[in-house]
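The values are calculated or read from the model by the stated rules, or taken from the named source; none is laboratory data. Predicted model only: the values in this text are computed from it and were never measured. Here the Cβ positions follow ideal geometry from the backbone for every residue, glycine too, while neighbour counts run over all protein chains shown.
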Amino acid sequence: MYSSAEEIFQALEEFRAYRSSVNHTVLEKLIPVIENTQPPRPSDGETKDYQRLRREFLENLLQSGHLDIDKPSELLERWGDFKHTVDGTKVEADEALRITTREVFFSAVEAGLKEKSPEHARESITVPPELRLLAEQVDAIWGPGLAEWTCEFHGTFFSLQDPDLVDNPEIQADVPWEPSFIDFETSEEFETAIGFQIGAGLGLESWAISSRNQDDSGQPWAWRYMINRFEYGLRIFDTIPDALSYFASVDEPGMDCWYNIKGSVYEHLRCSI
């Protein structure tokens with residue numbers, strides 16, 4: 001269902017603030033381990049740039065690409081300089097590429113919707129305008145935890161950086177699973193006319209779905225947002241802000257997920273060149 005630009009922007013900022021705070025707390029504990037784990041004794045004649053390897057380990061942890069830092073702890077010292085690395089979102093630096101990517105994606109999705117929608121919706125159906133508003137602000141929204149390490153699942157609520165979603169988006173326009181399905185956590189049934197996938201990951205899919213409550217067939221069709229966690233059930237949300245509020249902390253991994261971080265750092269220092 002529709003949300004205003006102000007509601008979308010506020011929900012996104014609240015998501016970012018929460019994820020940044022939680023990730024800062026986690027990294028305050030992990031970065032000292034990354035910096036202080038001692039490498040194995042090098043082989044005769046072997047030299048390694050261990051400072052670079054420690055930085056690379058952090059980059060892999062965050063799936064960030066190159067970080068302009070000399071040592072991992074500099075990330076904490078300059079936290080505000082890396083906000084889209086640590087706040088659960090991604091924004092491409094090339095604005096022209098961003099515009100092209102989202103226009104190509106949404107045009108292809110809309111073509112798929114008009115081709116596959118039921119006849120009653122075919123002429124009027126369009127990509128939800130609130131999703132376009134979200135895409136103007138962000139290119140990907142990651143689930144709880146750091147990008148690389150989580151206990152239960154990881155993935156995106158929304159992504160224009162996933163080639164499986166953006167290369168052939170018209171193929172993704174379809175009814176998810178069945179014409180109707182049960183929201184296992186609220187026991188509400190929805191009739192779904194059409195949908196398209198907007199996010200994916202390990203144990204996770206996110207969809208925008210044109211739906212209505214099956215108990216009220218006189219209700220107009222509206223866009224809702226589904227987060228499917230497979231064996232853990234699925235949730236359907238009336239608005240993007242509602243979905244983001246849930247997605248920010250669902251299955252938040254605890255520090256016990258990091259029990260072997262020291263061993264992982266040691267192996268990275270031992271095996272990497």
Scope region 221-273; condition part of a helix (DSSP H, G or I) and of a type in the set (Val, Ile, Thr); matching residues: 240, 261, 265
Lone unmet requirement of (1) at pLDDT 85 or above; (2) under 29 Å from residue 102 (Cα atoms) for residue 266: (2)
Residue list for region 45-95, filter: small (Gly, Ala, Ser) and exposed (fewer than 15 other Cβ atoms within 10 Å of the Cβ): 45, 65, 80, 93
Entirely in region 1-107, the helices (runs of 4 or more DSSP H) that have 3 or more residues that are within 24 Å of residue 262 (Cβ to Cβ), touching a Pro at 6+ places or on another chain (Cβ under 9 Å) and modelled with pLDDT under 95: 5-36, 50-62
Residues that are out of contact with any Asp or Glu (no Cβ under 9 Å at 6 or more places or on another chain), under 14 Å from residue 48 (Cα atoms) and touching a residue at least 60 places away in the same chain (Cβ under 8 Å), drawn from region 245-273: 266, 269, 270, 273
From the options 236, 240, 261, residue that is surrounded by fewer than 19 Cβ atoms within 10 Å (Cβ to Cβ), out of contact with any His (no Cβ under 6 Å at 6 or more places or on another chain) and hydrophobic (A, V, I, L, M, F, W, C): 261
